[in-house]
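Scroll down for the structure; my scribbles are underneath it.
The values are calculated or read from the model by the stated rules, or taken from the named source; none is laboratory data. Treat the numbers as computed from the prediction; the structure is a model and nothing was measured. Please note: Cβ atoms are built from the backbone with ideal geometry, for glycine as well, and neighbour counts cover all protein chains shown. Accessible surface areas use protein heavy atoms only, side chains included; no ligands, DNA or RNA. Shrake-Rupley method; radii C 1.70, N 1.55, O 1.52, S 1.80 Å.
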Amino acid sequence: MIAAARRDLEEILGSGAVLSDPLALRLYGRDASMLEGSCELVAIPSNREQVVACVRIARRRGLAVVPRGAGTGLAGGSTPLPGSLVIVTTRLQRILEIRPEDRLAWVEPGVLNLDLKRRLAPLGLTFAPDPASEASSTIGGNVATNAGGPHCLAYGVTANHIFAVELVLADGTVQSFGGEGPEAGGYDLRGVIIGSEGTVGVITAVCVRLTALPEAVQVLMLGFATVDDAAGVVSEVIAAGLTPAAIELMDRAIVRVVEDFAHAGYPVDAEAVVLIELDGLQGGVDRQRQAVEQIARSHGATVIQAASDPAHRARLWKGRKSAHGAITRIAPDFLQYDVVVPRTRLVEALAAVRVVARDEGLIIAHIVHAGDGNLHPLIMYDRRSPGALEHVLAAGERIVRACLEMGGSISGEHGIGLEKRDFMPLMFSAADLDLNDDVRAAFDPVRTMNPGKILSDVGRSHGPAAGHAAGAAPDEAGSWRR
Amino acid sequence: MSSKLPAGVRFLGAEPGAVAGWLTHDAPTDRDIASCVGCGLCLPHCPTYRLTGDETASPRGRIAAMRAVSEGRAAVDATFSRYMDLCLGCRACEDACPSLVPYGRLLDGAKAEVMAVRARRARLVRVLGLDILLDHKWAITALSAYLPFVRPFLPPRLRRLVPRVSLRELARPIPAVTLPKGHARGTVAVLTGCIQDSWFRPINRATVRVLARNGWKVVVPPQTCCGALTAHYGSLGAARRMAAKNAAAFALADADWIVVNSAGCSAQMKEYGELIDRPDVASRVRDLLEFLDEQGFEQPAGSPVARVALHDPCHLLHAQRIFAAPRSVLGQVPGLEVVEIADGDRCCGSAGLYNLFEPAGADRLMRQKAANVAATGCHVVLAGNPGCAVQITAGLAELGVDVEVLHPAELLDRAYRRSARG
Amino acid sequence: METLTPGSAAELVDLLRAASADGRRLLPVGGRTHLDRGNPTVVDAEVSVGRLSRVLSYDPAELVATVEAGMTCGELDAILAEHDQEWPVDADPAATIGGVVASGASSARRLRVGPVRDWILGIELATGEGRLIRGGAHTIKNVSGYDLPRLMVGSLGTLGVLTSLDLRLRPRPLARRTVIASGTVRQAAAVVAAVPLACGVLATPDSIEVRLEGWPEDVEVESRAVARLLGGTFVLDDVAFPSRQPWLDVAVTVEAAVVPSALVELTRLVSAPWGVLAGVGILWAGIASAGRPLDELRAAVSAFGGVAPVICGPGGLGQGGPRRGSGAWAIQERIKAAFDPVGIMAPGRFWDGS
């Protein structure tokens, strides 16, 4: 079956674009999460027609399809399960069209987020989503995970910036969803597609909304003697009606490693550093800066420094955006969570994490999209010590439960993927999950698109999925089928 | 997150009792491998990943392959070798890595492993060429003497990579000692290089003149190849041997500084501390423009050309993280405008001997680079590394544009001569 | 016709289950302000969420409110105004939150504040089948599961009845100013490009209205920028935007949605009263009847790849959405079946008469 699929694929793509060597399959077994899966074949198509062919071949040969961009996802969304064909979209990398007058651009899914931004900048425009991986992550991947980033505080997540998405569905047909105009007819299925982590189809083109670059930008760097002081300032800034573009918090452990790399002048002896970016017109930026500085002073900020020159700002952000990658300099292994709490409960959430760390005897470092209440606690450990992983997983679950009790969410921006799907029942009822499953089945009745992600494949409380009978799963489907 | 993962999925990391599949003592260390978290920030900086979009041709993928071997899940086999051989070794990924993964060191280790499993014939060619020939400068010179006669008969691809060597030059070695006019600021020992000294001796002469002009006593100790090519192709043993010879020779020369005019070589000599425990030598090594920038230099009266495109050799930009120094030095030449090359941080595809062993990828990178150089509209491009110079020359020739490729030392030398004349 | 008025989500669920079992067709209604949006539907009863009108939680410091679907926009505005906040949708004060979301009506300020779908964080919905489900979350950021809140926007009551919504709020800008000048649609587009603070640039046959919101000093600067572009201007502070909507006073009001660059040509095809949101791509046109003028306008809009539903008066939705029989249409059908398998929710009301 796999040999046959490989022959079919090679016929269409050529042998160089089909990988079947065990070592290659192993390299495609992982993304940027801490999981490693396994797949049967990897295909690297160069255009939409080839993607269609790949999906059809997978269907004919009973393979599941795992779409993959640059593999920078953090939740195992593109970690393949046995029995799958990984379809890599990195070679679909053309910027098809930029239309400043309509504030839109059509791009292929493999275009890198930052490459698009670089093309747009001379036009005074940008694509607002800025995940920390923006330098290497693809637009297709950003759409599939509904990527966030520091600036989504003011500009919103990827879902707010997509006009239309073209998908290759599980049956190999190509469908477009949404339109270039502000409204389209029919159900707004873009919401379902954006953040669907490859479970509804393979993205082959995206129409993105373009945003004007702000006239003035200022970054304030604040240092604090305690993490709670820092978190308090964040809540106060939001409550005061200020509208920063981004508010980020890092604790001392993180600041130290990023400063080593970025040389941005972070205060390495502060217990916590908060970055606040203000943008807009000069007058409003100045006014907000004064307001933020005043709040910071009243909360005992030990460092208040403004960076308005672009180079310094870029270094500060480079530091922040490299934080995740720099962690191995503290501990050989770590697990990163992506929990959200109401932003007024940030201090409480940080305290809850501290309790878990103390109880479990673990070191937990913090990177926080503080303005959104989105915490990324990093639990450090050494996998070589026996039982360490189980211990960390238990601690992680405690953190997740604590945040849910505060009215939070199990994921702010990384997605559910494989890593967090077992947390879904903590947040949603069986009926909610069934409906989610139905929505997925509406796109992919036979469940060949990235099975096992977001929702666990086992157990429904409520009858069969809608449309499930419409297409029978292929016989050779194997382990991924429910 | 749960430990109830579906079948076929596991958390990263070695299983207890795993036995590494390494074959040699030079293998990448677990510690270095573990420093990669797999975030992927390196991907867009990797020329081969950019060309292919393929994880197996990326730094993250190569380290994952090393990890697989170290965790006993894969062997050092033909596939592993292929992935490592496809790497240019440009180390652009290192700049982008927040975990500061020592990729160059990992790759040298992996190449040493690959060497151990190469087919005997391939190994023989490389051992003869890299370990033995490069270690004997007289042999290079002797062979180079035949080049003018052999060159026309070489296959076109090789021919364009081999410069026209002047027999007259070959017959006139660089003097062992060159004294500056007047009082000497100090002594610098110069690495003349292996190939560089035979094929590009005028560059070495220009280098010596520029240094002497700036008040340095220049000595050329008897020396051998720096060992870079050898190390990058998996002969760490031979590379250490050459390094030790050079370290001894340069230590004897008793110079204040060791100045190197080829980026690949200066990068390698700076590693002598780690490679052969000679930090005393390594700490005195400077690339030529880095040295002039640090020590200050005499401003020429004018520039022989108005605009130059500046090429950043990977081993300067990435391996040594030197970006500002060349711009600072050239910026002080009156009437000279330095023009940046688009995608300037992208390798030209020369990459040591990559050019010879991976022609397809090398050619694509060469064409990109040549096109970007041509797009600057400059009539001169500066390249401080012989491999890059050869590659860019070939690319520009293929493109049919008339751009002269010069070493920065040659430009400075011409500028000084011009001021002397004027 | 009978109007059912459940007093709780549980009652609503029971009602929907029973209706599904009996095949009793229902139309959810709120403030009845947006009912003209949608194709004609024949139902056996209406379900009003009027009794579900409480604020479930509102922490001003959080900039999030959870309200029941039957709360009116007017009530919500009043509550939020006490804390200088707003849910920037600008619907009729009598409209309910659930109704606004189901009809997909957005603010005229959407150039900067975005469409209504960007201001909903979570929903609770009783599906047509009688399943009470939640989607989204109470937090600003969330990517757990499929984004069901967005699916509700513009669903026209065909999937179920919204019971409560988590709304994202924003601080009310300190300065809110409308600058009025004369000018063309093309000039309006130039204002969009040159005046970043503009949150609405409305061109009508005889004027351009530019809405500026933000910090007072910025609004001053931008007012001058508008004056430079358009010449003589007239300034109104703290008024509603748009200041007039004459297209709503005509028998039929169409809301066409196209790419912004198509607006100039489109306005040549309609007669007054009309208004366009430059930079957004919305045209409101008042026409005397739903006959030929409407068909002609719709044909032109279609040619630009847009849609042109009637939002006031007769005429329905017109063409739009996936082509019948296409793969996307099949998906839409399956989505509908997942929420409302028997098909009791507003049959015929949706695009394509489904």
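Residues in region B:22-49 that are touching a Leu at 6+ places or on another chain (Cβ under 6 Å) and of a type in the set (Ser, Thr, Tyr) were compared, and the one that is farthest from A:LEU114 (Cα to Cα) is B:THR48. Of all residues in region A:94-118, those that are closer than 13 Å to A:ALA212 by Cα have Cβ atoms under 6 Å from Cβ atoms of residues that are open to solvent by 40 Å² or more (accessible area, probe 1.4 Å) and assigned to a helix (DSSP H, G or I), 6 or more apart or on another chain, in A:PRO100/A:LEU123; A:GLU101/C:SER261; A:ASP102/C:SER261. If you go through region A:412-440 and keep only what is small (Gly, Ala, Ser), open to solvent by less than 10 Å² (accessible area, probe 1.4 Å) and within 7 Å of chain C (Cβ to nearest Cβ), you end up with A:GLY412, A:GLY415.
For the residues B:GLU337, B:GLU274, B:GLU294, B:GLU298, the requirement of being in contact with a strand residue (DSSP E or B) (Cβ under 6 Å, 6 or more places away or on another chain), open to solvent by 60 Å² or more (accessible area, probe 1.4 Å) and at negative phi singles out B:GLU337. Could you tell me whether any residue of region A:65-87 is open to solvent by less than 20 Å² (accessible area, probe 1.4 Å), part of a strand (DSSP E or B), modelled with pLDDT of 95 or more and of a type in the set (S, T, N, Q)? Yes, there is a match, as at least one residue in region A:65-87 is open to solvent by less than 20 Å² (accessible area, probe 1.4 Å), part of a strand (DSSP E or B), modelled with pLDDT of 95 or more and of a type in the set (S, T, N, Q).
Output yes when any residue across region B:354-372 is polar (S, T, N, Q), closer than 21 Å to B:LEU43 by Cα, open to solvent by less than 20 Å² (accessible area, probe 1.4 Å) and not assigned by TED's automatic domain parsing to the domain that holds B:CYS93, and no when none is. No, every residue in region B:354-372 fails to be polar (S, T, N, Q), closer than 21 Å to B:LEU43 by Cα, open to solvent by less than 20 Å² (accessible area, probe 1.4 Å) and not assigned by TED's automatic domain parsing to the domain that holds B:CYS93.
Residues that are surrounded by 19 or more Cβ atoms within 10 Å (Cβ to Cβ) and at pLDDT 80 or above number at least 1 in the following helices (runs of 4 or more DSSP H) confined to region B:151-224: B:195-199, B:201-213.
Conditions tested, residue by residue: (1) acidic (Asp, Glu); (2) assigned by TED's automatic domain parsing to the domain that holds A:GLU248; (3) out of contact with any strand residue (DSSP E or B) (no Cβ under 8 Å at 6 or more places or on another chain).
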residue	(1), (2), (3)
A:LEU335	no, no, no
A:VAL340	no, no, no
A:ALA352	no, no, yes
A:ASP359	yes, no, yes
A:LEU362	no, no, no
A:MET380	no, no, no
A:ARG383	no, no, no
A:ALA388	no, no, no
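Restricting attention to region A:100-135, report how many residues are in contact with an Asp or Glu (Cβ under 9 Å, 6 or more places away or on another chain), open to solvent by 10 Å² or more (accessible area, probe 1.4 Å) and within 14 Å of chain C (Cβ to nearest Cβ). The number of residues fulfilling the criteria is 2.
Here region A:441-454 is the region considered, the condition is being within 8 Å of another protein chain (Cβ to nearest Cβ) and assigned to a loop (DSSP other than H, G, I, E, B), and the residue that is farthest from A:LEU153 (Cα to Cα) is A:PRO445. Residues in region C:223-239 that are free of Cβ contacts under 8 Å to residues at least 24 places away in the same chain and open to solvent by less than 70 Å² (accessible area, probe 1.4 Å): there are none. The residues listed here are A:GLY186, A:GLY181; of these, the one that is within 29 Å of A:THR145 (Cα to Cα), buried (at least 22 other Cβ atoms within 10 Å of the Cβ) and out of contact with any Phe, Trp or Tyr (no Cβ under 7 Å at 6 or more places or on another chain) is A:GLY181. Would you be able to say whether some residue in region A:35-49 is more than 14 Å from chain B (Cβ to nearest Cβ) and over 22 Å from the mean Cα position of the chain (by Cα)? Among the residues of region A:35-49, at least one is more than 14 Å from chain B (Cβ to nearest Cβ) and over 22 Å from the mean Cα position of the chain (by Cα), which makes the answer yes. The criterion of at least 2 residues that are facing chain A (nearest Cβ under 8 Å), out of contact with any Pro (no Cβ under 8 Å at 6 or more places or on another chain) and crowded, with 17+ Cβ neighbours inside 10 Å is met by the following helices (runs of 4 or more DSSP H) wholly inside region B:1-103: B:59-70, B:78-85. Would you check if there is a residue in region B:63-76 being modelled with pLDDT of 95 or more, within 30 Å of A:ASN47 (Cα to Cα) and of a type in the set (Val, Ile, Thr)? There is at least one residue in region B:63-76 that is modelled with pLDDT of 95 or more, within 30 Å of A:ASN47 (Cα to Cα) and of a type in the set (Val, Ile, Thr). Residues considered: A:ALA159, A:ALA147. Of these, the only one that is open to solvent by less than 10 Å² (accessible area, probe 1.4 Å), within 10 Å of another protein chain (Cβ to nearest Cβ) and part of a helix (DSSP H, G or I) is A:ALA159.
None of A:VAL400, A:VAL347, A:VAL303 is hydrophobic (A, V, I, L, M, F, W, C), touching a residue at least 12 places away in the same chain (Cβ under 8 Å) and open to solvent by less than 10 Å² (accessible area, probe 1.4 Å) except A:VAL400. Among the numbered criteria (1) within 10 Å of chain B (Cβ to nearest Cβ); (2) open to solvent by 10 Å² or more (accessible area, probe 1.4 Å); (3) assigned to a helix (DSSP H, G or I); (4) farther than 28 Å from A:PRO129 by Cβ, which single criterion is violated by A:VAL355? (1) is the only condition that A:VAL355 fails. For region C:252-300, a residue qualifies if it is of a type outside the set (Val, Ile, Thr), open to solvent by less than 20 Å² (accessible area, probe 1.4 Å) and away from chain A (no Cβ under 14 Å), and the qualifying residues are C:GLY275, C:ALA285, C:GLY286, C:LEU294, C:LEU297. Is it the case that some residue within region A:210-227 is touching a Lys or Arg at 6+ places or on another chain (Cβ under 9 Å), within 30 Å of A:VAL274 (Cβ to Cβ) and assigned to a loop (DSSP other than H, G, I, E, B)? Yes, region A:210-227 has at least one match. B:LEU411 fulfils the conditions (1) touching a strand residue (DSSP E or B) at 6+ places or on another chain (Cβ under 8 Å); (2) closer than 26 Å to B:PRO155 by Cα; (3) open to solvent by less than 10 Å² (accessible area, probe 1.4 Å) except for a single criterion, (2). Does C:THR158 qualify as being outside any helix (DSSP H, G or I), within 11 Å of another protein chain (Cβ to nearest Cβ) and buried (at least 19 other Cβ atoms within 10 Å of the Cβ)? It is true that C:THR158 is outside any helix (DSSP H, G or I), within 11 Å of another protein chain (Cβ to nearest Cβ) and buried (at least 19 other Cβ atoms within 10 Å of the Cβ).
Test A:LEU96 against the stated conditions and say whether it is more than 10 Å from every other protein chain (Cβ to nearest Cβ) and surrounded by fewer than 20 Cβ atoms within 10 Å (Cβ to Cβ). Against the criterion (more than 10 Å from every other protein chain (Cβ to nearest Cβ) and surrounded by fewer than 20 Cβ atoms within 10 Å (Cβ to Cβ)), A:LEU96 qualifies. Apart from one condition, C:ILE335 fits all of (1) at pLDDT 95 or above; (2) more than 7 Å from every other protein chain (Cβ to nearest Cβ); the exception is (2). When C:LEU56, C:LEU27 are checked against the criterion of being more than 22 Å from C:ARG170 (Cβ to Cβ) and of a type outside the set (Ser, Thr, Tyr), C:LEU27 stands alone in meeting it.
Of all the numbered requirements in (1) open to solvent by 20 Å² or more (accessible area, probe 1.4 Å); (2) in a loop (DSSP other than H, G, I, E, B); (3) over 22 Å from B:GLY215 (Cα atoms), B:ILE322 misses one, and that requirement is (1).
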